Structure formats: C-alpha cells, structure tokens
Amino acid sequence: MLEINHLEVSYGAVHAIHGVSLKVNDGEIVSLIGANGAGKTTILRTISGLKKADSGEIRFDGADLRKTEPSRIINLKLAHVPEGRHIFAQMTVEENLEMGAFADGSGMEAAMADVYERFPRLRERRRQLAGTLSGGEQQMLAVGRALMSKPKMILMDEPSMGLSPLLVKEIFSIIKEVNKKGITILLVEQNAKMALAISNRAYVLETGRISIEGSAKELLDDARVKKAYLGQ
Ligand SMILES: Nc1ncnc2c1ncn2[C@@H]1O[C@H](COP(=O)(O)OP(=O)(O)OP(=O)(O)O)[C@@H](O)[C@H]1O
Ligand SMILES: [Mg+2]
C-alpha cells in the first residue's frame with residue numbers, strides 16, 4: 001500500500017534521512033522505532049508532503065506522492081496524526097471532528113457516529129473545548145479526527161507520548177481495533193515494547209538510516225533491539 005525507496009531528506013545542510021526504503025502492506029501495522037532525532041517524524045512528514053524530499057520514491061496506493069500536492073494527499077485516503085496532537089484548542093470536540101471530515105451532511109454525521117461509538121468519552125465531551133481535555137482524551141480526539149476522513153491508512157506519530165501507563169495501554173488497544181476494521185497503520189513510537197506487541201513488522205531507524213528490519217517477533221528476539229530499545 002505504501003512503498004518508499006531510497007528516500008533522502010535534508011534540512012538545509014543537515015542531512016536527516018539517508019536512503020531509507022520501507023514498505024507497508026495492505027492491512028498491516030508496521031512500526032518505525034528509533035531514538036530522539038533519528039528522523040521518524042521527518043519520514044512521516046515527508047510522506048504527507050509537509051516536507052519535501054531531496055530524492056527517492058514514495059508511492060501510496062499506486063500514486064506518486066512526491067508529485068501529489070499535500071492538500072490532495074488526504075483525498076487519497078491517507079491520514080496523519082501528527083506529533084503533539086495538534087488539535088484546535090479553542091474549538092469544541094465536535095468542531096475538531098468536523099475539521100477532519102471532507103464529507104458534509106449525512107456522510108459527515110455517519111462518520112461522526114462511528115467515531116463516537118469508538119470513543120464514547122468524546123461523545124460525552126462533544127461540546128467541551130478541546131484544549132480542556134486531558135492528554136489522553138486529546139490523543140483520542142486526534143485519532144478520531146483522522147478517522148473522520150475514512151482513511152485507508154493512518155500515519156501515527158508517537159500516539160503514546162506523555163500518557164500515563166493506563167492510557168498508553170488504551171491508546172494501543174484503540175490502534176489495534178482501528179486496524180482490525182481494515183485500516184493500515186504506520187506507527188512511529190519510542191515505546192518499542194508496546195509498538196512491537198501490536199505490529200506485524202517493524203523497522204529500526206538510527207540517525208536517518210534503517211539499521212534493522214523484520215517481523216515484530218524477530219525484533220523482539222533481536223539482541224540489539226533488546227539492549228537498545230527494550231531495556232533488557
Ligand atoms: N525544521 C527542522 N530544521 C532543521 N533540522 C530539523 C528540523 N526538523 C528536524 N530536524 C532535524 O532532523 C533530525 C530528525 O528529526 P525528527 O524530528 O525527524 O526526529 P524524530 O526521530 O522524530 O525524533 P523524536 O523522537 O525526538 O520525535 C534531527 O536531527 C532534527 O534536529
Ligand atoms: Mg518525532
């Protein structure tokens with residue numbers, strides 16, 4: 001569904017991504033694991049067209065994303081839940097969800113009913129300003145907003161960041177549920193243990209290069225992964 005080949009990305013003189021190739025098959029959860037500054041967010045932002053690549057290929061569902069306007073990428077049914085959530089603090093929960101939809105009228109109402117069914121807590125708080133939600137609720141809202149566009153695939157950037165252990169568990173089980181409904185997921189995480197537990201496959205990114213790749217099970221058993229990312 002998503003295929004990246006020999007991707008190179010820089011910020012001025014800083015070469016952030018060096019020849020990264022990866023793929024995500026239809027229906028999979030694939031994790032991208034790596035330390036702070038490894039380039040995980042850069043890869044997601046480049047897929048979404050928010051950052052320009054220097055070279056390489058990014059194909060999604062047959063389309064060449066490097067030739068697609070960022071504003072049109074969402075029409076291809078590829079959603080992005082950015083780092084730090086980026087909800088609209090001064091809008092209500094419901095208004096935030098509306099911002100995520102492209103359908104209006106009954107299409108939007110149906111999408112919203114789906115989101116509320118998955119996140120009853122958002123329904124209870126639908127008239128509350130999003131900025132007053134707890135961290136975990138804001139994360140649910142960010143995921144809910146992505147679901148409003150009825151995506152085939154969601155890019156998620158550290159959904160567990162800043163959440164208590166209980167909410168981390170909840171957000172990972174939500175990701176798994178969303179995937180079971182047929183949505184493919186590329187998950188960026190520092191919480192390697194939780195990410196690998198729900199993933200089919202994973203890649204380890206070190207200073208802009210893929211250093212290890214394999215099935216989630218292979219990575220959980222890999223001595224280097226255990227030492228550097230699982231604290232074992
Ligand atoms: N706007 C920018 N201008 C210059 N350098 C940047 C910019 N954004 C990111 N970088 C650099 O690119 C590298 C990769 O950053 P990126 O945010 O992709 O890392 P990350 O793996 O997502 O890290 P984290 O886990 O801390 O979120 C870092 O060295 C970072 O300093
Ligand atoms: Mg990041």
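Taking Lys and Arg as +1 and Asp and Glu as -1, the other residues whose beta-carbon sits under 14 Å from that of GLU189 total +2. A cut-off under 12 angstrom between Cβ atoms defines the neighbours of LEU78, and their net charge, with Lys, Arg +1 and Asp, Glu -1, is +4.
Between the beta carbons of ALA89 and ALA35, assuming R0 = 35 Å, the FRET efficiency works out to 0.75 to the nearest 0.05. Between ASP54 and GLU206, the modelled label-to-label distance comes to 2.1 nm, taking each label 7 Å out from Cα in the direction of the beta carbon.
With the convex hull drawn over the C-alpha atoms of the chain, the volume per residue is 119 Å³. Here the extension length gained between ARG72 and MET99 equals 8.2 nm, from 0.36 nm per residue of separation less the Cα-Cα distance. Does the stretch 100-205 come out rounded, prolate or oblate, given a ≥ b ≥ c as the square roots of the eigenvalues of its C-alpha gyration tensor, rounded meaning a/c under 1.5 and, failing that, prolate meaning a/b above b/c? The shape class here is oblate.
If both residues of a DSSP beta bridge must be in the chain, then about 50% of such bridges are antiparallel.
With 24 Å as the limit on Cα-Cα distance, the pairs of LYS40/LYS181; LYS52/LYS169; LYS23/LYS180; LYS52/LYS227; LYS77/LYS181 that go past it are LYS40/LYS181; LYS52/LYS169; LYS52/LYS227. Between the alpha-carbon centres of the stretch 1-46 and the stretch 60-118 there is a gap of 22 Å. Full extension of the chain segment joining GLU8 with ALA63 gains 17.9 nm, where the gain is 0.36 nm per residue of separation less the Cα-Cα distance. Net length available on complete extension from SER164 to ASP221 is 17.9 nm, with 0.36 nm assigned per residue and the Cα-Cα distance removed. Note on ARG127 and LYS176: the model spin-label points, each 7 Å out from Cα along the C-beta direction, lie 3.6 nm apart.
Each value in this text was obtained by applying a stated rule to the coordinates, not by laboratory testing. The shown structure was predicted, so the numbers you read here are calculated from the model rather than taken from an experiment. For neighbour counting, all protein chains shown are included, and Cβ atoms are generated from backbone atoms with ideal geometry for every residue, glycine included.
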